């Protein structure tokens, strides 16, 4: 590219600007890669090329970021986003010094609560569809396998029975119900 914007060239120079005005053809040198000098829009082509290169760079950068996220093991989990949303909600609530502030931020707090709820529901649905959640039958089957493994190494029937009961009680208590012996 020519650094000098307006260089007068000979009338027969092939790099002469192709613009024609009242006095005839422009006498300045065209911008490299263009038919016109900067005064007649020759630099617009360069600007378009630069803009296109910038778009391609930004697209490549965005694609790299997307690829990095896609390569992560936790890509199909919304747990991180739920944590961030809850932290943001907590920050907004902490800004409230009195009931007037709470009223002032109530719309924002409501929106954030709805967002957290949507994320939790989506996360639950996603984990269920991917088979990442253990439902009650799966947990009981797992407990039975654990007791069987313990039974292979422990020969005392009373100890195995006590271990089995404690595992079942632990499973039941996670659901908010405690089983009595």
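Quick note: the coordinates plus some simple rules give every number you see, no bench work behind them. What you see is a predicted model, and the numbers here were worked out from it, not measured in a lab. No Cβ is skipped: glycine too gets one built from the backbone with ideal geometry, and neighbour counts run over all protein chains shown.
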Problem - Among 142, 132, 119, residue whose mean-square fluctuation peaks in a GNM of the chain (springs only between Cα atoms under 10 Å) - result: 142
Completion exercise
Proxy exposure order for 101, 158 (fewest C-beta within 10 Å first) is 158, 101
Practice task
Just rank 118, 86, fewest to most, by other beta-carbon atoms within 10 angstrom.
Solution key: 118, 86
Problem - Euclidean distance of C-alpha centroids, the stretch 26-59 and the stretch 152-175, integer Å - result: 78 Å
Exercise for the section: Can you figure out the FRET efficiency of residue 50 with residue 13, using R₀ = 25 Å and their beta-carbon distance, to the nearest 0.05? Expected result: 0.45
Fill in the blank from the handout: In degrees, nearest 10, the alpha-carbon axis of helix 79-95 is tilted away from the dominant principal axis of the alpha carbons of the chain by 80 degrees
Practice task
Take the chain, connect every pair of alpha-carbon atoms lying under 10 Å apart with a spring to form a Gaussian network, then pick out the residue of 106, 161, 122 with the largest mean-square fluctuation.
Solution key: 161
Handout entry: Pairwise Cα inverse-distance average, inverted: Kirkwood Rh of the stretch 95-162 (Å)
Key = 16.5 Å
Handout entry: Fewest-first sequence of 65, 7 by Cβ atoms within 10 Å of each Cβ
Key = 65, 7
Exercise for the section: Go ahead and estimate [θ] at 222 nm for the chain from helices alone: -39,500 (n - 2.57) per DSSP H run with n ≥ 4, summed, over the residue count, rounded to 500. Expected result: -21000 deg cm²/dmol
Handout entry: Kirkwood Rh in Å, taken over all unlike Cα pairs in the chain
Key = 24.7 Å
